[in-house]
Every structure is written in structure tokens, then in C-alpha cells.
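The values are calculated or read from the model by the stated rules, or taken from the named source; none is laboratory data. The model shown is predicted, which means the values in this text are computed figures rather than measured ones. Glycine also receives a Cβ, built like all others from the backbone with ideal geometry; neighbour counts cover every protein chain displayed. Only protein heavy atoms, including side chains, enter the accessible area calculation; ligands, DNA and RNA are left aside. Shrake-Rupley method; radii C 1.70, N 1.55, O 1.52, S 1.80 Å.
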Amino acid sequence: MVTRLPRGPLVRGALAVLVVVSTLGLWWFQPWKLVTDTEVDEELSTVATAAPPAAGPTTGGTVREPAGGGPSGGRTAAGPLLVGEGAFVTHEHATSGTARIIRTPDGRHRLELVGLDTSNGPDLRVWLTDRPVRSGTAGWRVFDDGRWVELGRLKGNRGDQAYDIPADVDLAGLTSVSIWCKRFAVSFGAAPLTPVG
């Protein structure tokens, strides 16, 4: 004996709703990103680990941004200067690597993510923020509470990558970087940007 499935309008409507909800759920959560990676290998700045005698003081073997007027501190920089850096801490997803702010010889700034390793996810952005980095769940959702600047979509969840910081961005007070999932308003990982020097 063969049992036939009901074919009434109620069943067809329920199936249509199920298909729409499933499609929207797949688009919203993008679960395949949990098992796929996007690797980036951009060229990063080579910063001096020791300054030449005329380049200004150093601390701990890294170049300190010289004091003085103008974007180059009163002198012409021979190469990129390390302004701030910090290691990533894990938030929603395991995250490691280093974030650093570089000032180029022409006075522009850029954020470099060195050896980033995090989970792929939907709608990931790179944010500079004024929030302190906290470990654990207490730090997951704080970065949209204050001042933040979006530098763009995360280029890849693994590897080296650089993001230009627009000239009109005031870096004063922007003390951290977050890999921010805009869709779910949560940080995958964040790094403090400790000034060098």
C-alpha cells in the first residue's frame, strides 16, 4: 500500500515557507564559512628594528615616533615608522596575529595585520576603535559602544594584509582594532594598539 503525501494548499504553503526560511537562514548565517578560509599575502612595511643615530630615540629595539612639528616629527623619515602595535586576543572566535599602525614616509598611516588567523564569517569588517580590549565574553560586544572607524571589509581570515587609514581620521584616542562581525554585532578578536616609544 502506497501512502500519498497531502497535496492541499496548506501543505504547499508550509513547504514554500520552509524553503524561504531555509534560504534566508543559509544566506544570513553562511555556515560554510566556518570550514573555509580566505588567505591573503599582501606586502607589508619593513620597519626598522633599530634607529640610525639621527633618527631619534628608541625603546626596546623598536623605532619611536620622533617628537616635533609636522607629520614627520620635524624630519624626513627614511622609511616607515611603527607608531603602535599589539597582539590579538580571542573573542567570539579563536584569533591570533599582530596589528600595527605604520606611518609612511609621506605622512600617511595604515593598519597592517600581521599573521592574522581567525575564523571566516559573514560580514567581517576591520574597525579602529576607542574601546579597551578585554579578554573573554566581556569584550565581545563593546566596540560599537564608542567611537569607531571602519577601514573596510576583512580581506581574508588568514595572512598578512594592509588597510589605508584615511587622512581625515583622527587617530588620537583610537586605541584598538577589532575584527568586527557587523551582521551579528560581535568581535571575532581584537588587539590593543599600544603606542611605540
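Being closer than 17 Å to Val196 by Cα, touching a strand residue (DSSP E or B) at 6+ places or on another chain (Cβ under 9 Å), open to solvent by 20 Å² or more (accessible area, probe 1.4 Å) and modelled with pLDDT of 95 or more is true for just one of Thr90, Thr98. Which residue is that? Working first, answer last.
Working: Thr90 fails: closer than 17 Å to Val196 by Cα.
That would be Thr98, the only listed residue that is closer than 17 Å to Val196 by Cα, touching a strand residue (DSSP E or B) at 6+ places or on another chain (Cβ under 9 Å), open to solvent by 20 Å² or more (accessible area, probe 1.4 Å) and modelled with pLDDT of 95 or more.
Just one residue in the set Val133, Val83, Val177, Val169 is outside any strand (DSSP E or B), on the phi < 0 side of the Ramachandran plot, of a type in the set (A, V, I, L, M) and surrounded by 18 or more Cβ atoms within 10 Å (Cβ to Cβ); that residue is Val133.
Give region 136-148 a look and list any residue that's assigned to a loop (DSSP other than H, G, I, E, B) and not small (Gly, Ala, Ser), or say none.
Looking only at region 136-148, we keep the residues that are assigned to a loop (DSSP other than H, G, I, E, B), and these are 136, 140-147.
Listed by number, the residues that qualify are Trp140, Arg141, Val142, Phe143, Asp144, Asp145, Arg147.
Take the residues in region 180-197 that are closer than 24 Å to Asp106 by Cβ and assigned to a loop (DSSP other than H, G, I, E, B); name whichever of them is most open to solvent (accessible area, probe 1.4 Å).
Going through region 180-197, the residues closer than 24 Å to Asp106 by Cβ turn out to be 193, 195-197.
Subset that is assigned to a loop (DSSP other than H, G, I, E, B): 193, 196-197.
Numbers: Leu193: 21, Val196: 21, Gly197: 62 Å².
This residue is Gly197.
Is there a residue being in a loop (DSSP other than H, G, I, E, B) and open to solvent by 10 Å² or more (accessible area, probe 1.4 Å) anywhere in region 110-118? Within region 110-118, none of the residues are in a loop (DSSP other than H, G, I, E, B) and open to solvent by 10 Å² or more (accessible area, probe 1.4 Å). Does any residue of region 113-136 turn out to be closer than 18 Å to Phe184 by Cβ, of a type in the set (A, V, I, L, M) and without any contact (Cβ under 8 Å) to a residue 24 or more places away in the chain? Looking through region 113-136, none of the residues is closer than 18 Å to Phe184 by Cβ, of a type in the set (A, V, I, L, M) and without any contact (Cβ under 8 Å) to a residue 24 or more places away in the chain.
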